[in-house]
Amino acid sequence: MDWEQYAVRLADEVTDPVSRWRQPVASTPRHELVPCWWERADGGWKLRDGPSDPDGWSAAAYADRSLVTSVGGVHADHARADDRPHGLPTSSATLPSLVVRFLRHARLAEGLDLLDLGTGAGGLTAYAARRLGDRHVTSLDVDRYLTEAAASRLARMDLHPQFFAMDATRAIPGTYDRIIATVALEPGPGLVPVLSALRPGGRLVTTLANTSLILTGWKTEDGRVTGQVERDWAGFMKTRHGADYDPGPEALLATAREAEGEEVTLGRYPVLDVAAAWELRSMLEITTPGVELDYTENGRRRTSCLAHADGSWARASAEWLDPPEVHQGGPQRLWSQLERIRHRLNAEGGLPLYGSRLEITPDGVCRLSRGKWSATLGD
């Protein structure tokens, strides 16, 4: 494959002409990092094999898009053409423009040591190693196959950063001037190893689990991280402790899909796919952490379900933009909470998330504040 022309075109698309990240993007054969991937098809997943379709391979690898490389712990590299895995994506090659944005958020400079938390296909590691030098770059992932595959593929590019296969929520070897997490971190104890691995004066860039929020901050001498929620957004997979996620609350969502509500009302706003409404999803997660979502369309009929581990659930269903019939049960009224958030968004024209101040305590508690609004997560 004459990949150089495609890589240059991708660099033109995702970087500025004077960007220091233009050359790393233009000189990285991204297709070698993603020989196989999964694409959605017929309500499931279908394998795409790059070498058997060179034109499709180059089109996918050098487009500014994410490519899912593992579903339910099934790696595309190991799959057969007739495999149809079930579950959630567990790894991907992140779209290059987002990788570049995160590298910019990190305020990188020569001589600084970087930890790439969440190796995935190895794209961020490759770009960083080309610019900083591979001895200054370390990459970590919970999935050993991902670190081994990325190490082998980068070695063929004459890049030799250090790789670790381990659970970052339990331990991280070494300390670093910069940590970029391309997995979404959960507030609380799981953040402590990440904070401990960041040197005083170092900078953290991460997303917050189940939100679109990008948190950036500097570590102070007393072990806190202070910064802000960027006026930028991204969505990454949550941290996990093995090859796949723990079983989700399917029983709760099944209840939400089928049960008669303890309370049945007429909703104020149309049904929507909450997971795709990033700002609403983020505020819902902050006000009601741990909410799980489900959304379906059957013709013009829309149904949205919410469920929580405490036994709360909600279902809203309606034809297109009609007011929905809302069923709710359990200790919390989840749809009512969502409608309060939507009302605030409509009344004020925005929510106080983006641009809010950030403090992360040494024990992993995240505190957000903007004006009179504040929220605490992970305590």
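Determine whether Ser70 is in contact with a helix residue (DSSP H, G or I) (Cβ under 7 Å, 6 or more places away or on another chain), in contact (Cβ under 8 Å) with a residue 40 or more places away in the chain and in a helix (DSSP H, G or I).
The answer is no for Ser70.
Residues that are under 26 Å from Leu204 (Cα atoms) and hydroxyl-bearing (Ser, Thr, Tyr): does segment 78-90 have at least one?
The answer is yes, given that some residue of segment 78-90 is under 26 Å from Leu204 (Cα atoms) and hydroxyl-bearing (Ser, Thr, Tyr).
Restricted to segment 246-289, and to residues that are open to solvent by less than 40 Å² (accessible area, probe 1.4 Å) and among the hydroxyl-bearing types (Ser, Thr, Tyr), which residue is nearest to the chain's Cα centre (by Cα)?
Ser282
Do we have Thr138 as under 22 Å from Thr216 (Cα atoms), surrounded by 21 or more Cβ atoms within 10 Å (Cβ to Cβ), touching a residue at least 60 places away in the same chain (Cβ under 8 Å) and of a type in the set (S, T, N, Q) here?
Answer is no for this residue.
Might you let me know whether segment 191-200 holds any residue that is at pLDDT 95 or above, more than 23 Å from Gly73 (Cα to Cα), within 19 Å of the chain's Cα centre (by Cα) and buried (at least 22 other Cβ atoms within 10 Å of the Cβ)?
Yes, because at least one residue in segment 191-200 is at pLDDT 95 or above, more than 23 Å from Gly73 (Cα to Cα), within 19 Å of the chain's Cα centre (by Cα) and buried (at least 22 other Cβ atoms within 10 Å of the Cβ).
Hey, can you tell me all the residues within segment 22-48 that are open to solvent by 60 Å² or more (accessible area, probe 1.4 Å) and under 16 Å from Ala149 (Cα atoms)?
Glu32
Within segment 214-245, take every residue that is outside any strand (DSSP E or B) and either of a type in the set (Ser, Thr, Tyr) or open to solvent by less than 30 Å² (accessible area, probe 1.4 Å) (or both) and give me the one that is modelled with the lowest pLDDT.
In this case the residue turns out to be Tyr245.
(1) of a type in the set (A, V, I, L, M); (2) open to solvent by 60 Å² or more (accessible area, probe 1.4 Å); (3) modelled with pLDDT under 95: which one isn't true of Ala59, the others all being true?
Failing condition for Ala59: (3).
The values are calculated or read from the model by the stated rules, or taken from the named source; none is laboratory data. These numbers were taken from a predicted model, which means no experiment stands behind them. Note that we place each Cβ from the backbone using ideal geometry, even for glycine, and neighbour counts take in every protein chain shown. The area values use the complete protein model at the heavy-atom level, side chains included, leaving out ligands, DNA and RNA. Shrake-Rupley method; radii C 1.70, N 1.55, O 1.52, S 1.80 Å.
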